[in-house]
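The values are calculated or read from the model by the stated rules, or taken from the named source; none is laboratory data. On a predicted model such as this, the values are computed, not experimentally measured, just so you know. With ideal geometry, Cβ positions are generated from the backbone for all residues, glycine too; neighbour counts draw on all protein chains shown.
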């Protein structure tokens, strides 16, 4: 392993960029996912153009894709102030208040935590989908 590759400026910014990307993705998908979920609960079935059981089964997959697209398009504007506070708090925990950026190790830990939270959210969504599918009357 090359020592100069560890200390180069490009690799120092890489964890920050990956952290920012994960943070934007997590905030966007969490916020827009909850917003879309509550919107779906407040709407009833339309009188016409309802997809029946197939729509009920695959609605969450469509919602997940829409949330990802919305998050990619606009999560950065929403999460920018949150990310600044997040990195400031990470710097305060490491007793370096003058540096608002996280170290590579802290950034990787934060990325891992965000991944874990995202997997938990996805598992909860999958459990809810499984429960909804099991409630469907599939007898014909």
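Tell me yes or no: at least one residue of the stretch 99-107 is out of contact with any strand residue (DSSP E or B) (no Cβ under 7 Å at 6 or more places or on another chain), over 30 Å from residue 56 (Cα atoms) and modelled with pLDDT of 80 or more.
No, the conditions are met nowhere in the stretch 99-107.
Considering only residues of the stretch 75-95 that are part of a helix (DSSP H, G or I) and in contact with a helix residue (DSSP H, G or I) (Cβ under 7 Å, 6 or more places away or on another chain), which is surrounded by the fewest Cβ atoms within 10 Å (Cβ to Cβ)?
Of everything passing the filter in the stretch 75-95, 82 is surrounded by the fewest Cβ atoms within 10 Å (Cβ to Cβ).
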